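These notes concern the structure reproduced below.
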Amino acid sequence: MGLSWLVWHSAFQWNWNYRYGMIGATVLLMAGLSFAGHFGLLKIWAGIWRLAGFDCQPLFRNPAMSRSLNEFWSRRWNLAFSEMTTLGVYRPLSGSIGKNGAAFASFIFSGILHELAISLPVRQSFGMPLLYFVINGTGVVIERTMERRGFSVAGVAWLGRIWTFVWLVLPVPLLFNSSFLKSIIWPIIGIY
């Protein structure tokens, strides 16, 4: 958070463009909060649970190494949520609407939960987090269709990583939209 504050305040001291200063500070702040929470505090809690004798596995398994969206969402990112969604949404629906339909329904479920966590607290930008997950669900379905036709993005490591990065990162402004940033994130470092 300190680096974000430094970028934000340096932007004015050095007469940077206001927009670029905000973008730089926001990217650093969001990355810092994500790394501290997802890969810091949660790892510490998992270690504490293991010390207490519980079989507690990591929630995240090297997500940056994902070579496909399917790999990212099902085997590397927030594994407890992935397991819960598999048991509660994917498996019950896969027999009636097919695997792709069930996968897409799982992304809609995740989008609805993110609406509750992101849009509802600020009472604005409803539908944007859901759209982020609809886009990613579409990417997973496209990826699976390509695999059935003999082309796997995961087959070429660098291509799979670029593919995954594009689908995850380009629509991020939908997930963490300006209403959420203005009300929740930017006040942390005194922006806005």
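In segment 160-186, which residue that is touching a residue at least 60 places away in the same chain (Cβ under 8 Å) and among the aliphatic types (A, V, I, L, M) is most open to solvent (accessible area, probe 1.4 Å)?
Only one residue tops the list, namely 184.
Checking the structure you have, find out if any residue of segment 103-124 is open to solvent by less than 50 Å² (accessible area, probe 1.4 Å), closer than 20 Å to residue 154 by Cα, out of contact with any strand residue (DSSP E or B) (no Cβ under 7 Å at 6 or more places or on another chain) and not hydrophobic (A, V, I, L, M, F, W, C).
No, segment 103-124 contains no residue that is open to solvent by less than 50 Å² (accessible area, probe 1.4 Å), closer than 20 Å to residue 154 by Cα, out of contact with any strand residue (DSSP E or B) (no Cβ under 7 Å at 6 or more places or on another chain) and not hydrophobic (A, V, I, L, M, F, W, C).
Give just the number: which of (1) open to solvent by less than 20 Å² (accessible area, probe 1.4 Å); (2) at pLDDT below 95; (3) of a type in the set (A, V, I, L, M); (4) closer than 17 Å to residue 63 by Cα does residue 154 not satisfy?
Exception for residue 154: condition (1).
Do you know which residues across segment 45-63 are open to solvent by less than 70 Å² (accessible area, probe 1.4 Å) and either closer than 29 Å to residue 167 by Cβ or in a helix (DSSP H, G or I) (or both)?
Correct list: 46, 47, 58, 59, 60, 63.
State which residue is surrounded by the fewest Cβ atoms within 10 Å (Cβ to Cβ) when the search covers only segment 64-87 and only residues that are touching a Lys or Arg at 6+ places or on another chain (Cβ under 8 Å) and part of a loop (DSSP other than H, G, I, E, B).
Across segment 64-87, the extreme among qualifying residues is 67.
Scanning for something part of a loop (DSSP other than H, G, I, E, B) and either over 20 Å from the mean Cα position of the chain (by Cα) or among the basic types (Lys, Arg) (or both), does segment 92-103 turn up at least one residue?
Looking for residues that are part of a loop (DSSP other than H, G, I, E, B) and either over 20 Å from the mean Cα position of the chain (by Cα) or among the basic types (Lys, Arg) (or both), one finds none in segment 92-103, hence no.
Report whether or not residue 41 is of a type outside the set (Gly, Ala, Ser) and touching a residue at least 24 places away in the same chain (Cβ under 8 Å).
Taking the combined requirement at face value, the residue does not satisfy it.
Say we look at segment 89-102 and pick out the residues that are of a type in the set (Gly, Ala, Ser) and free of Cβ contacts under 8 Å to residues at least 12 places away in the same chain; which of these is surrounded by the most Cβ atoms within 10 Å (Cβ to Cβ)?
Filtering segment 89-102 for residues that are of a type in the set (Gly, Ala, Ser) and free of Cβ contacts under 8 Å to residues at least 12 places away in the same chain, the one surrounded by the most Cβ atoms within 10 Å (Cβ to Cβ) comes out as 94.
Considering only residues that are open to solvent by 30 Å² or more (accessible area, probe 1.4 Å), polar (S, T, N, Q) and in contact (Cβ under 8 Å) with a residue 40 or more places away in the chain, which ones fall in segment 126-151?
Listed by number, the list holds a single entry, 145.
The values are calculated or read from the model by the stated rules, or taken from the named source; none is laboratory data. This structure is a prediction, so every number in the text was calculated from the model and none was measured. For neighbour counting, all protein chains shown are included, and Cβ atoms are generated from backbone atoms with ideal geometry for every residue, glycine included. Surface accessibility is based on the protein's heavy atoms, side chains included, excluding ligands, DNA and RNA. Shrake-Rupley method; radii C 1.70, N 1.55, O 1.52, S 1.80 Å.
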